[in-house]
1. Reachable aspartates and glutamates from K240, Cα under 14 Å, same-chain residues fewer than 8 places away excluded?
2. For C206, C135, what's the fewest-to-most ordering of other Cβ within 10 Å of each Cβ?
3. Report the far tail of the P(r) of region 244-362, meaning the percent of Cα-Cα pairs longer than 21 Å.
4. Cα to Cα, under 19 Å, and not fewer than 8 places away if on the same chain: which aspartates and glutamates meet these conditions relative to K355?
5. Angle check, please: helix 145-154 long axis (alpha carbons) against the longest principal axis of the chain (alpha carbons), in degrees 0 to 90, nearest 10.
6. Give the whole-number value, in cubic angstrom per residue, of the convex hull volume spanned by the C-alpha atoms of the chain.
7. Quick check on the chain: helices-only [θ] at 222 nm, where DSSP H runs of length 4 and up contribute -39,500 (n - 2.57) each and the sum goes over total residues. Nearest 500, please.
8. Could you work out the relative contact order of region 34-170? I mean the mean sequence separation of Cα pairs under 8 Å and 6+ apart, divided by the number of residues, in percent.
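Throughout, read-outs are computed from the coordinates displayed, never taken from laboratory work. This is a predicted model, so every value here is computed, not measured. We place every Cβ from the backbone using ideal geometry, glycine too, and count neighbours over all the protein chains shown.
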Amino acid sequence: MFVTGIMLCMKIASRLVAWQRTHGRHGLPWQQTQDPYRVWLSEIMLQQTQVTAVLPYYAAFLKRFPDVASLAGAASQEVMALWAGLGYYARARNLHACAQQVMQDWGGRFPPDTESLASLRGIGPSTAAAIASFCYAERAAILDGNVKRVLARYFAIDGDPTTRIIEQQLWQLARSELPTAAQVRQDPMMMSAYTQGLMDLGATVCTRARPQCTTCPLKKGCAAFAQGRTEELPWPRARKILPERSIGMLIACHDGHVLLEQRPDTGIWGGLWSLPEFDAALSADQGCTSYGLQISSTQTLSAFLHTFTHYRLTIQPILVRSRNHAFSAPAQRGPAQWIRITDIDRLGMPAPVRKLLDGLRADQLLD
Ligand code: SF4
């Protein structure tokens with residue numbers, strides 16, 4: 001029988017802050033600022049996304065939108081186009097809406113505390129706390145996936161951390177481990193070092209596989225380490241069998257143009273430009289007919305799988321030569337138009353569609 005983790009554990013704040021200041025990450029571009037716009041942008045981009053993937057997008061966004069006003073005033077198409085490839089597109093829609101909310105409701109300045117920040121579009125409690133601790137030294141607890149893992153191990157918390165009951169337990173621990181108010185008064189930069197320390201420890205030391213316990217500043221007091229349970233904690237998320245869907249996609253070409261349609265603002269790939277779709281139960285000819293295309297040839301390409309968080313989509317691409325630019329998209333679909341092949345790079349597109357078109361263009365099959 002295990003001694004519970006909580007009984008063994010020592011407070012972590014001072015050790016974590018000392019470690020972050022000497023061993024943590026310091027060179028990331030969003031660490032050089034307390035500007036809430038820049039910190040917010042990085043926090044949204046980093047959700048479920050690796051630092052290396054975020055770096056070029058962060059630089060491109062700041063170059064084009066150096067402040068919240070420029071982002072709020074941009075066309076949504078431009079925001080989506082810059083975001084394309086980073087995934088989880090609801091983040092980009094929320095980012096744009098949030099910038100507009102900051103301009104309209106907060107006079108162009110991000111609100112100054114966790115609670116108000118969490119009232120903005122796309123900012124959850126952990127992201128709000130990260131912004132408030134980095135920019136305003138607020139004693140606010142974060143709880144992203146990495147932090148859940150660190151706390152679940154340090155306190156040897158059994159149970160799936162994505163369930164409500166375990167998540168609440170972890171929130172409670174996250175709050176109880178914050179530096180004290182007296183510590184923060186004495187050292188106002190402590191909160192940002194602590195928050196960054198949790199993030200850095202989860203990303204570089206207390207990693208999902210093979211945590212580096214021997215070099216970990218929290219080794220002393222870590223219940224999972226003491227009990228030899230670092231591999232089994234935290235519990236994995238209960239596996240869900242994802243439903244399967246199939247669609248056909250038309251790559252209709254004519255005279256240096258390809259037919260694209262804009263997806264509705266809500267739902268998968270919301271607002272992005274994609275290829276016309278049709279029910280996989282239909283033949284390629286029926287798919288073309290549903291878009292009123294007058295075709296000279298069709299070619300069935302290799303099907304591929306794309307996995308979303310809640311279902312798996314098999315995409316069957318059909319390369320279609322159209323006789324002319326005539327078409328009539330089905331009534332329930334978004335607006336469609338022929339786009340010059342040389343112009344498709346400036347549109348926001350789902351990554352698998354972009355990859356498909358890039359491959360065909362490289363093979364000169366779109367001409
Ligand atoms: S000792 Fe190991 S399991 Fe515990 S917090 Fe450190 S890296 Fe994670």
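1. Here the aspartates and glutamates satisfying the reach criterion relative to K240 are D160.
2. Values: C206 26, C135 21.
Placing the least packed residue first, the sequence is C135, C206.
3. Working: 2260 of 7021 pairs.
Distances greater than 21 Å cover 32 percent of the Cα pairs.
4. Answer for K355, where 19 Å is the Cα cut-off: E261, E277, D343, D345, D363, D367, listed by chain and number.
5. Relative to the chain, helix 145-154 is tipped by roughly 30 degrees.
6. On the way: hull volume 58.8 nm³, N = 367.
Hull volume over Cα atoms, normalised by residue count, gives 160 Å³.
7. After summing the helix terms and dividing by the residues of the chain, the value is -12000 deg cm²/dmol.
8. Details: 138 pairs, mean separation 28.4, N = 137.
Normalised by residue count, the contact order of region 34-170 is 21 percent.
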